[in-house]
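The next block holds one structure in the form of structure tokens; read it before the comments.
The values are calculated or read from the model by the stated rules, or taken from the named source; none is laboratory data. If you're wondering where the values come from, they're calculated on a predicted model, not measured in any experiment. Ligands, DNA and RNA are stripped out before the accessible areas are found, and what is left, the full protein with its side chains, is counted by its heavy atoms. Shrake-Rupley method; radii C 1.70, N 1.55, O 1.52, S 1.80 Å.
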Amino acid sequence: MTSTFTPPGLARFNDLEERAASAVLHEACAAGAWVRRLTAARPYATADELYAESDAATAELTAADLDEAMAGHPPIGRPRPGDPASAREQRGMAGASDRLKAEMLELNLAYQEKFGHVFLICATGRTGEQMRDAVRERIGNTPEREREIVRTELGKINRIRLARLVEEDA
């Protein structure tokens with residue numbers, strides 16, 4: 001038997017006016033196409049429905065949509081001031097040595113030079129060293145391969161941020 005319990009955070013999200021729902025989703029992902037699709041598909045009976053819609057919307061993002069989404073993410077090691085989500089997600093870099101932070105800055109710049117966008121990784125739960133190793137590995141990818149990795153990483157980030165929204169207490 002399946003449960004039809006709607007978590008309080010999801011119920012509140014379902015009840016928001018369209019503009020407010022869009023604003024909340026935009027905080028999770030800066031891609032307008034993703035925001036519009038998830039807003040239009042409300043109400044969601046379960047968190048899994050919301051996650052499935054997010055996954056489908058992420059899979060269908062165009063190259064321009066992915067660029068828009070990535071523009072909403074700060075470089076690893078430099079979370080936006082006053083952005084608790086980015087600081088929380090990049091916690092693995094917070095205690096990193098100055099040497100590692102300098103190396104990440106260099107790698108971020110090299111990556112951005114090659115691909116034309118920030119290095120996007122689901123940083124939640126990763127150490128600074130793991131993120132450094134990932135950028136080192138991925139910088140050798142072709143632009144096409146990297147674009148698909150970015151899509152996968154964006155999907156993970158979106159799910160984490162949506163889970164936070166769904167589980168939020170009043």
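Before moving on, here are some points about what is shown:
- Surface composition of the chain: carbon and sulfur make up 52 percent of the accessible area, probe 1.4 Å.
- Ellipsoid semi-axes in whole angstrom, largest first, where each is sqrt(5λ) of the Cα gyration tensor of the chain: 30, 18, 14
- Span-like helix ranges in the chain, DSSP H, alpha carbon extent 24 angstrom or more, Kyte mean at least -1.0: 98-115, 143-167
- The chain, helix-only ellipticity at 222 nm - DSSP H runs n ≥ 4, -39,500 (n - 2.57), divided by all residues, nearest 500: -20500 deg cm²/dmol
- Gyration tensor (Cα) of region 75-139, equivalent ellipsoid semi-axes in angstrom: 17, 13, 11
- Per residue, region 75-139 exposes an accessible area of 56 Å² to a 1.4 Å probe, with every protein chain left in place.
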